[in-house]
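Q: Supplied in structure tokens, the structure appears directly below.
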Amino acid sequence: MWYFNFQELISAFIVLFAIIDVTGSLPIFIDLKNKHKRYSSFKASFFSFLILLAFFFIGEGVLRLFGVDISSFAVAGAIVLFVIGCEMTFGIEIFKMDGPTNNATIVPIIFPLLAGPGAFTALLSLKAEYSSLNIILALFINMFIVFIVLQNVDFVQRKIGPAGVYVLRKFFGIILLAISVKLFVSNIASLLGN
């Protein structure tokens, strides 16, 4: 289905915006900056778009090829989100950046924050309801917003100040824990039910 429908575009945009939740991830981006973890705004948004677009077309087949279903993938993503939420809430470091550089573009920004199991699942659900063109346009607009937010993390940090960052970090850490628990419970239930 390749037709343009403005209402479908807006609906798909809202669903993806809520799932990707780049504004809710602001404290994570600020925390990465404070820990001197480098990331590229362009690469994060561009590669997230490419990964989600590829998954939109071939996702179910690829997961089936490896014997993995969406629920198992979502449980794995929920665990990573839970760890990040624990770091933010309790002020501890669990996730070690043990690569050759302090680059955080791929993990945790691209996966699981932007192109995570929630976004994958949302794309597959939208595909059953809406035109592919509208979903792809909605995804592109979301990734453009992601780019703008990532580019302006320093500006946001200056505006809200250290106390604001601290409060946001703790608050969204708890929110992230809650989202990860919900994602884990809903998907582990479907796995155990099989």
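Q: Mind checking which pairs have a first residue in region 1-22 that is over 24 Å from L113 (Cβ atoms) and open to solvent by 30 Å² or more (accessible area, probe 1.4 Å) and a second that is outside any loop (DSSP other than H, G, I, E, B) and not hydroxyl-bearing (S, T, Y), Cβ under 7 Å, 6 or more apart or different chains?
A: From region 1-22, the pairs are W2/L133; Y3/L133; F4/L133; F4/N134; N5/N134.
Q: Moving on to the next point. Go through the residues of region 108-119 one by one and say whether even a single one is more than 14 Å from V22 (Cα to Cα) and either among the aromatic types (F, W, Y) or open to solvent by 10 Å² or more (accessible area, probe 1.4 Å) (or both). Talk me through it step by step, then tell me what you get.
A: Taking region 108-119 as the starting set, the residues that turn out to be more than 14 Å from V22 (Cα to Cα) are 117.
So of that shortlist, the ones also either among the aromatic types (F, W, Y) or open to solvent by 10 Å² or more (accessible area, probe 1.4 Å) (or both) come out as none.
For region 108-119, residues more than 14 Å from V22 (Cα to Cα) and either among the aromatic types (F, W, Y) or open to solvent by 10 Å² or more (accessible area, probe 1.4 Å) (or both): absent.
Q: Among the numbered criteria (1) out of contact with any helix residue (DSSP H, G or I) (no Cβ under 8 Å at 6 or more places or on another chain); (2) surrounded by 14 or more Cβ atoms within 10 Å (Cβ to Cβ), which one does A44 miss?
A: The one condition A44 does not meet is (1).
Q: Same structure, new question: How many residues are within 16 Å of L150 (Cβ to Cβ) and at pLDDT 80 or above when one looks only at region 73-106?
A: Adding up the residues that qualify gives 2.
Q: Another one. Considering only residues that are more than 20 Å from Q151 (Cβ to Cβ) and touching a residue at least 40 places away in the same chain (Cβ under 8 Å), look in region 52-66 and name the one that is most open to solvent (accessible area, probe 1.4 Å). Explain how you work it out, then say what you get.
A: Restricting attention to region 52-66, the residues satisfying the condition of being more than 20 Å from Q151 (Cβ to Cβ) are 53-66.
Filter again for touching a residue at least 40 places away in the same chain (Cβ under 8 Å), leaving 53, 55-56, 59-60.
Working: L53: 39, F55: 23, F56: 4, G59: 2, E60: 101 Å².
Checking each candidate, the answer is E60.
The values are calculated or read from the model by the stated rules, or taken from the named source; none is laboratory data. Here the structure is a predicted model, which is why all the values come from computation and not from measurement. Neighbour counts are summed over all protein chains in view; Cβ atoms, including those assigned to glycine, are modelled from backbone coordinates with ideal geometry. Note: areas computed on protein heavy atoms with side chains; ligands, DNA, RNA excluded. Shrake-Rupley method; radii C 1.70, N 1.55, O 1.52, S 1.80 Å.
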